[in-house]
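For reference, the structure is listed below as structure tokens.
The values are calculated or read from the model by the stated rules, or taken from the named source; none is laboratory data. Fair warning: this is a prediction, and the values are worked out from it, not measured in the lab. Ideal geometry is used to build each Cβ from the backbone, glycine not excepted, and the neighbour counts take in all protein chains shown.
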Amino acid sequence: MRKAAFRRSILSAAFLGAACVPPASQPPAAVSLAPLPRDSHSFARPAEARVSHVALDLAPDFASRRLQGTARLTIQRAPSADSIVLDVRDLTIRRITDGAGNALGYNVGAAQQFLGSPLAIALPARGDVIVIEYQTSPEAAAVQWLSPEQTAGKRLPFMFTQGQAILTRTWVPTQDSPGIRQTYEAVVRVPAGMRAVMSAKQAGAENESDAEGRRVYRYRMENAIPPYLIALAVGDIAFRPIGTRTGVYGEPSVVDRAASEFVEVDQMIAAAEKLYGPYRWGRYDILVLPPSFPFGGMENPTLTFATPTILAGDRSLVSLVAHELAHSWSGNLVTNATWDDFWLNEGFTTYLESRIMEELRGRPYADMLRALGRQDMLKAVADAGGEAGADTRLRLDLRGRDPDDGLTDIAYEKGASFLQTVESVVGRTRLDGFLREYFDRFAFQPISSEGMIAYMRQRLLRGDESERIGIEQWVFQPGIPANIPAANSAAFAAVEQQIGAWRNGGPTSALQTSAWSTHEWLRFLRGLPDTISARRLAELDGAFRLTARGNSEILEEWLQIAIRNRYEPAFPALDRFLTTQGRRKFLTPLYTGLSKTDWGRAMAIDIYRRARPTYHSVAVNTIDQVLKWSEVK
Ligand code: BES
Ligand code: ZN
């Protein structure tokens, strides 16, 4: 019976090395598997069999740019199941066995764009363990291998992974769906002089070595997490403690700066715990990566990955840490069931981020963050084709698309605005109580948009509140509902007055900027007219040294202005910025701006030709599209 079903589900002729396993005297325990919403970005069939634990034993080989080793999966199966389907992309499978070393039949299906392949494995007759011997490709999309020259220390190479959204399958053979939670453990064998860090608790001794003289690091994640949160970095990595449960990792030349930039992290955790309940992950450390890290931050549990471009020296960009920390509740504890529900991760997190920053820095500061967020939202709506654009919906339909292309600021800023709207109707006290209860009720579980709404109706909303909010419209319809609360900032109102005077021809010397924070500078630069004369730009640059700014956010806004107006004195700085960091949020508008002009496209291509080999694959993917790179060469 089971055999027949297996034949039907997979072309058995394609199975390699299928072993003749004698009938098991004791069939493995079958469990009932809780139903999950269908995830169009995974081949897994979790109703039949699912991975519950991943045990990795991996060694990075910096010469061949591969990870090599084994993944030992613990599985749960339904009574009728005879195979398990995993997600794999660009992996070389050497051998698959059961826990006792008996070969298991398997088949790697045809690869699909960005999804990779289904890996179907015949379930073992005995036991619930599958051992996969494999290695990754040098092109594995999650992994970036950096040469020593691409690091701050210039002495040793570096590697790191980025799993979200569907890249974990390029380095770990597992069911790569955010609804399929797994605990994990890992043994990582690295060259002497290097350290391995992971999104988990360090489990072994500090200085273990193996027979081949490699340093051995052991990690264990006891909370079941979605596989996009499995993360690894290896390099010349030092540590500086901040508090008793917090600290920073990074290259030796950045850790001290980072520890000082992030001193408020314990206050952030205290604020988040006060609002949303206990932090459930043990330690909270931050790894500062080399500058090619493609994101601002990534909420890998116990170990946020962060770009060095937030080390401004004045703690002005640390709301990013509040954001990644907030994911310890929204995202890592309660997780979007599929990428169509991405806003449940990012919109809730953006709302929490502003609440945490309000606790730390006060209302006027948080008001500035929210006002900038609104500007980002309006830009995202415009980029998505305006108010009617299908991708301006919170609940997305990403079937057939690379989730990485469909995830925009809509999820962040329209998502946060939805919660601000709920707050405006029910008040802060009730919303805070609800969120705390929500994180507790759905802790370590996936949640869909429908599930969140049902729970909100059940536990929060009374009378006509649901209609006053217009939940269905907010979540399922395109555009921005009219009941969105205003996001005003008194500090920005003052900046806007100055912008007005300057736009009307007021002298640059009349601008009163000495008390401006980074955010006021950002508001100012965003409020300048699209077209500005070379003389006026030179005045601004001369008075405020904008081209020489070290604050990455301010510099990036200024460089956009420089591109729009072909302000050539800023071009060497533009070239430097695009070739010395690879944060996609900074690259995209600058390359886009250049490619829109008749003179800039050649410059963009010249810069990109040099920079492309230094960027992570997710940035390369985006900028290839921006510049239509396949048509270049
Ligand atoms: N989880 C995201 C990063 C991400 C999103 C990676 C989608 C892959 C796919 C992270 O929490 C994030 O949102 N980072 C932002 C910073 C934040 C302060 C808005 C970023 O990297 O810019
Ligand atoms: Zn986020």
Taking only the stretch 167-208 into account, find how many residues are over 21 Å from TYR249 (Cβ atoms) and in a strand (DSSP E or B).
3
Looking only at the stretch 537-550, which residues are touching a helix residue (DSSP H, G or I) at 6+ places or on another chain (Cβ under 8 Å), buried (at least 18 other Cβ atoms within 10 Å of the Cβ) and closer than 20 Å to GLN512 by Cβ?
LEU537, LEU540, ASP541, LEU546, ARG549
Extreme residue, nearest to ARG94 (Cα to Cα), among residues of the stretch 173-199 that are within 16 Å of ligand 1 (Cβ to nearest atom) and of a type outside the set (Gly, Ala, Ser)
ASP176
Could you say which residue among GLU520, GLU553 is in the same structural domain as PHE586 (by TED's automatic domain parsing), in a helix (DSSP H, G or I) and surrounded by 18 or more Cβ atoms within 10 Å (Cβ to Cβ)?
GLU553
Considering GLU222, GLU273, GLU212, which residue is touching a residue at least 12 places away in the same chain (Cβ under 8 Å) and either crowded, with 24+ Cβ neighbours inside 10 Å or outside any strand (DSSP E or B) (or both)?
GLU212
Is the stretch 245-254 home to any residue that is within 16 Å of ligand 2 (Cβ to nearest atom) and either modelled with pLDDT of 95 or more or within 22 Å of ARG195 (Cβ to Cβ) (or both)?
no
Please indicate, with yes or no, whether at least one residue in the stretch 470-487 is under 30 Å from ALA224 (Cα atoms) and part of a helix (DSSP H, G or I).
yes
Can we say VAL263 is more than 11 Å from ligand 1 (Cβ to nearest atom) and not in a strand (DSSP E or B)?
yes
Quick one: what pairs do we get from the stretch 464-477, first residue without any contact (Cβ under 8 Å) to a residue 60 or more places away in the chain, second in a helix (DSSP H, G or I) and surrounded by fewer than 16 Cβ atoms within 10 Å (Cβ to Cβ), C-beta under 7 Å, 6+ apart or different chains?
SER466/ARG457
So, ASP256, is that one assigned by TED's automatic domain parsing to the domain that holds GLY451, away from ligand 1 (no atom under 11 Å from the Cβ) and either surrounded by fewer than 23 Cβ atoms within 10 Å (Cβ to Cβ) or over 14 Å from the mean Cα position of the chain (by Cα) (or both) or not?
no
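Yes or no, residue by residue, for (1) in contact (Cβ under 8 Å) with a residue 24 or more places away in the chain; (2) touching a strand residue (DSSP E or B) at 6+ places or on another chain (Cβ under 9 Å); (3) of a type in the set (S, T, N, Q):
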residue: TRP558; (1), (2), (3): yes, no, no
residue: ILE563; (1), (2), (3): yes, no, no
residue: GLU568; (1), (2), (3): no, no, no
residue: ASP575; (1), (2), (3): yes, no, no
residue: LEU578; (1), (2), (3): yes, no, no
residue: THR592; (1), (2), (3): yes, no, yes
residue: THR597; (1), (2), (3): yes, no, yes
residue: PRO613; (1), (2), (3): no, no, no
How many residues does the stretch 496-517 contain that are among the aromatic types (Phe, Trp, Tyr) and exposed (fewer than 13 other Cβ atoms within 10 Å of the Cβ)?
0
For VAL321, work out the one condition from (1) within 12 Å of ligand 2 (Cβ to nearest atom); (2) in the same structural domain as GLN420 (by TED's automatic domain parsing) it doesn't fulfil.
(2)
